[in-house]
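A.B. asks: Below is a structure I'd like to ask you about.
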Amino acid sequence: MIATMMSQPLSLNHLLERAGRLFPQSRITTRLPDKSLVRHTYAQWHERTLRLASALTALGLAPGERVATLCWNHHVHLEAYFGIPAARAVMHTLNLRLAPDEIGWIAGHAEDRFLIVDDVLLPLYLQFGAAHRFERVIVFPYSGVPVDPKAVRDRIAAAGIEPPQVDDYETLLAGAAPGFVAAAHDENEAVAMCYTSGTTGRPKGVAYSHRSTVLHTLVGSLPECWGLRGSDAVLPVTPMFHANSWGIPYGAVMLGSDLIMPGPHLHPADLLDLMVLEPPTIALGVPTIWLGLIQALEAEPQRWALPKGMRSLVGGAAVPEALIRRFAAQGVSIVQGWGMTETSPVATISYDKAELVRAGMTEDERYARRAMAGVPVPLVDLRIVGESGEAPWDGEAVGEIQVRGPFITGSYHAVPRDPEKFTADGWLRTGDVAAVDAHGYVRIADRTKDLIKSGGEWISSVDLENAIMGHPAVAEAAVIAIPHPRWSERPLACVVRRPGAALDADSLRAFLVPQFAKWQLPDAVEFVDAIPRTSTGKFWKARLREQFRDWDWPSA
C-alpha cells in the first residue's frame, strides 16, 4: 500500500518564508566592532535575505556553485545562511581561525566562486587571496565605514593578488530587484559546506542538504535536545563558521527566537557585558570559553551576574562535572552534547531521562550523567565497535563510536570514499572511543589518537582531565601520552593553575588517588601558562605532544 501523503521537498526556503510571515517583529541584535549594538527585525532580515538571493542570481551564480563567507557572527552572516541557498548556491563558511595558507587551500578545494567578507577581515583575506582567486569579493562594511570598491581592489593588487571584481554588500543589496522568488529544487541539493578541523591530514568538506538541515533543525529543537522556544533569546557564542554554529541559527529562524550576535567580542568580560545589555535565555559555546566565563565571574562577583535561569549548551569537547556544578551555583544549567562536523553536528545530548527521575535519581547521579555525552538524539543510530566486534551497552565495554542517520555524512566532498572513515555497511567511523550504559548514556573515553596505552592497559586522558579540573586550584588541564621505556606510554598532565593558587604535583596526585587506580595516575605534572587550542577552541594535544616529545623519564 502506498501512503497518501504529499511529496513536498524539505527546504530551508520554507523556514525563511515562515520567519518573514509569522515572526516579523522578532529581533536580531548584532554587536558591532566598536561594541555598539544594531538591531534588525525578522521582517527586515527577510527582505534583505531575498535581496541577497536576487543579487547573487543576477550576478550569474549558477545552482550548486559555492559562495564562501569570511565573517563573524552577525545579521549579515545570517542573511548568507538563507540567501545563498535561496539562490540555489552553496554557502561555504571559512574558518577565520585557521592559518591563512590552510584557508586558501580549503577555498581552492571547494572551488569557491564568490566571497562575502567583513571589512575588518580584509587583512586576513589578503594573506590567502593569492592561493585561491575568487571571481568576486563582496565586502560587508561591518565597521560602519562605507566600502570603496576601487580602494579595496588597489589594496588587493598591492598585496600581489590579481584583483577580483569587488562589490559593497550594502550597495549590492540596494540595487537588487525586490520580490525574489526562490526556484523549485530537489531536497537533496547542497545548501552549506563546512570543512573538518584537519588536526590529522588535510581538512575534508562536508556538504549539508536541504533535507539533512531541516531534519537536524527539527530534532535539535526538541525539548530534550536544545529545548528551543520562540520566546527564547539565543546567544550563539559558537562561531557561525564552526559546524554552522551547531545548527542553532536555523532553529531560531524556524521558531522565531530572538538572536543576539556577539561579533568578534568573545573575551569573557565582553560576553558578560553583553549578557547584561541583552540577557539571553539560552547561550552556547565550547567548554574553554565557558571556563573563562565562570573564572571571570568568580573573580569579580560584585561586577557580573549571569541571567538567572539561563540555559547553556556546551559541546566541542568533554565538559567536566566541576564546571557544570560551578554554573549551577550561579543559577545556570548546562546541557552537554556530542557530535562532529560530519553529524551536522548534534548526535547525542545529555538530559535527565524520565525513567531515571522516576526511579529516584539523586543530585550526584544527575550531575554525573550531565557530565556524559548523553543519549543518541532521534534519527541517529549509534553503536560501539571494539576489537572483537560490536560492544554491549553495559557501561564498561569500550570501542569506537560509529553512527548513521539522515543528517550524517556518507562521504566527503571531492574525496574518494575512505574505508578508514566509512564502514562497508554504511556507518561513519568517528574516531571517538566510548562506552554506553544500559540507559543509553554515552561516556566518551577519548579520541583514538589520544588514548594512553600503558603496560597493555588503556588510560583515558579525558577522565584524568575532568578529574584534575575538579581541583579548586586548577584553571585547565590536558593529559597526553609520553613514550616510556618500560610501560610503552605514561600520562603527563599539563596543568594551568588558577591565578594566585598554590598547587604542586604531589598535592594534585593526592587529590586524584581516590578516583583512580595507582597505575592510572599521571607520573609527571607540568605546570604551564596556557593550553594551546585548535581553531575551534579545543585543547590542541598534538602541539603539547610536540612540545614534550623529548621528555626524559627518570630511570626506573
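A.B. asks: Per residue of region 249-254, what does 6.51 cos²θ - 1.76 cosθ + 1.60 with θ = phi - 60° give for ³J(HN,Hα)? Whole Hz please, x for Gly and Pro, Karplus curve as stated.
C.D. replies: x, 5, x, 4, 5, 4
A.B. asks: Starting from the amide H of ARG490, placed 1.01 Å from N in the peptide plane, find each other amide H under 5 Å away whose residue is 5 or more places distant or on another chain.
C.D. replies: Those qualifying (amide H under 5 Å, at least 5 residues apart or on another chain) are ILE482, HIS484.
A.B. asks: Still on this model: Using the basic label-point model (7 angstrom from Cα toward the beta carbon), what is the ASP381 to GLU526 distance in nanometres?
C.D. replies: For ASP381 paired with GLU526, the spin-label model returns 4.4 nm.
A.B. asks: Take ASP552 and SER7, extend 7 Å from each Cα along the Cα→Cβ direction, and tell me the distance between the two endpoints in nm.
C.D. replies: 7.2
A.B. asks: Assuming R0 = 45 Å, what is the FRET efficiency of GLU363 and THR171, from their Cβ-Cβ distance, to the nearest 0.05?
C.D. replies: On the way: r = 58 Å, r/R0 = 1.28.
E(calc), rounded to 0.05, equals 0.20.
A.B. asks: Please list, or write none, the aspartates and glutamates whose alpha carbon is within less than 13 Å of the alpha carbon of LYS204, excluding same-chain residues fewer than 8 places away.
C.D. replies: Within the straight-line cut-off, LYS204 pairs with GLU102, GLU342, ASP418.
A.B. asks: Whole Å is fine, so just give me how far the alpha carbon centre of region 103-130 lies from that of region 493-516.
C.D. replies: Taking the Cα centre of each part, region 103-130 and region 493-516 sit 43 Å apart.
A.B. asks: Right, something else. Please turn the phi angles of region 375-382 into ³J(HN,Hα) values with the Karplus equation 6.51 cos²θ - 1.76 cosθ + 1.60 (θ = phi - 60°), one per residue in order, whole Hz, x for glycine and proline.
C.D. replies: 9, x, 6, x, 6, 9, 8, 9
A.B. asks: Could you calculate the FRET efficiency of ALA43 with ARG486 from 1/(1 + (r/R0)^6), where r is the beta carbon distance between them and R0 is 60 Å, rounded to 0.05?
C.D. replies: According to the calculation, E is roughly 0.30.
A.B. asks: In what order do VAL436, VAL166 fall by count of nearby beta-carbon atoms within 10 Å, going from fewest to most?
C.D. replies: VAL166, VAL436
A.B. asks: Scaled to the compact-protein estimate 2.2 N^0.38 Å, what is the alpha-carbon radius of gyration of region 313-368, rounded to two decimal places?
C.D. replies: Here the answer is 1.25, to two decimals.
A.B. asks: Between ALA99 and LEU222, how many nm apart are label points set 7 Å from Cα along the C-beta direction?
C.D. replies: 4.2
A.B. asks: Based on the Kirkwood radius over alpha-carbon pairs, what value in µm²/s does the Stokes-Einstein equation return for the translational diffusion coefficient of region 171-278 at 25 °C and 0.890 mPa s?
C.D. replies: So the translational diffusion coefficient is about 149 µm²/s.
A.B. asks: Putting +1 on Lys and Arg Cβ atoms and -1 on Asp and Glu Cβ atoms, find which of ALA183, MET361, ALA477 reaches farthest to the positive end of the dipole of the chain.
C.D. replies: Selected residue: ALA183.
A.B. asks: Leaving out same-chain residues fewer than 8 places away, which lysines sit with a Cα under 19 Å from that of LYS541?
C.D. replies: LYS449, LYS453
A.B. asks: For ARG533, which sequence-distant residues (separation of 5 or more, or a different chain) have an amide H within less than 5 Å of its own amide H, given hydrogens modelled in the peptide plane?
C.D. replies: Close amide H contacts, sequence-distant or interchain: TRP540.
A.B. asks: Around ASP523, which amide H atoms from residues at least 5 apart in sequence, or from another chain, sit under 5 Å from its own amide H, with H modelled in the peptide plane?
C.D. replies: Amide H to amide H, under 5 Å and 5 or more residues apart or across chains, ASP523 pairs with nothing.
A.B. asks: Further question: Using only alpha carbon pairs under 8 Å that are at least six residues apart, calculate the relative contact order of region 267-447 and give it in whole percent.
C.D. replies: Relative contact order of region 267-447: 16 percent.
A.B. asks: I'd like the Karplus ³J(HN,Hα) series for region 75-80: coefficients 6.51, -1.76, 1.60, θ = phi - 60°, whole numbers in Hz, and an x wherever there's a Gly or Pro.
C.D. replies: Going residue by residue, I get 5, 5, 5, 5, 4, 5 Hz, with x marking Gly and Pro.
A.B. asks: Additional query: Kindly provide the GluC sites (Glu not before Pro) of region 324-405 that DSSP labels as loop, not H, G, I, E or B, and whose Cβ sees at most 11 other Cβ atoms within 10 Å.
C.D. replies: Working: sites: GLU342, GLU355, GLU363, GLU365, GLU387, GLU390, GLU396, GLU400; in loops: GLU387, GLU396.
Within region 324-405, the qualifying GluC sites (Glu not before Pro) (loop, at most 11 other Cβ atoms within 10 Å) are GLU387, GLU396.
A.B. asks: Would you kindly state how much longer the chain becomes between HIS267 and HIS14 on full extension, computed as 0.36 nm times their sequence separation minus their alpha carbon distance, in nm to one decimal?
C.D. replies: 87.5 nm
A.B. asks: R0 = 45 Å: FRET efficiency of THR423 with ARG21, Cβ-based, nearest 0.05?
C.D. replies: The computed FRET efficiency comes out at 0.55.
A.B. asks: Cross-link candidates for LYS35: which lysines have Cα within less than 27 Å, leaving aside residues fewer than 8 places away along the same chain?
C.D. replies: Correct list for LYS35: LYS308, LYS538.
A.B. asks: Return the whole-Å distance between the Cα centroid of region 13-60 and the Cα centroid of region 289-366.
C.D. replies: Each part reduced to its Cα centre gives a spacing of 31 Å.
A.B. asks: Another question, then. Which loop trypsin sites (Lys or Arg not before Pro) in region 459-556, with loop taken from DSSP, have no more than 12 other Cβ atoms within 10 angstrom of their Cβ?
C.D. replies: Values: sites: ARG486, ARG497, ARG509, LYS518, ARG533, LYS538, LYS541, ARG543, ARG545, ARG549; in loops: ARG486, LYS538, ARG549.
Answer in residue order: ARG486, ARG549.
A.B. asks: Do any trypsin sites (Lys or Arg not before Pro) in region 380-417 lie in a DSSP loop with no more than 14 other beta carbon atoms within 10 Å, and if so, which?
C.D. replies: When the trypsin sites (Lys or Arg not before Pro) of region 380-417 are filtered for loop state and at most 14 Cβ neighbours within 10 Å, ARG417 remain.
A.B. asks: Arranged by the count of other C-beta atoms within 10 angstrom, fewest first, what order do HIS14, HIS413 take? Intermediate values should be presented prior to the final figure.
C.D. replies: Numbers: HIS14 15, HIS413 18.
Least to most surrounded, the residues fall as HIS14, HIS413.
A.B. asks: If neighbour count is taken as other Cβ atoms inside 10 Å, put TYR367, TYR142 in order from fewest to most.
C.D. replies: So the residues, fewest neighbours to most, are TYR367, TYR142.
A.B. asks: Before anything else, pin down the relative contact order of the chain: Cα pairs under 8 Å, at least 6 apart, normalised by residue count, whole percent. Walk me through the intermediate numbers first.
C.D. replies: Details: 1134 pairs, mean separation 56.1, N = 556.
Relative contact order comes out at 10 percent.
A.B. asks: Return one number: the angle in degrees, 0 to 90 and rounded to the nearest 10, between the long axis of the Cα atoms of helix 268-277 and the longest principal axis of the Cα atoms of the chain.
C.D. replies: 60
A short reminder: the numbers here are calculations on the coordinates, not readings from a lab. Since the structure is predicted, the reported quantities are computational estimates derived from the model, not experimental observations. Don't worry about glycine lacking a Cβ; one is built from the backbone with ideal geometry, like all the others, and counts go over all protein chains shown.
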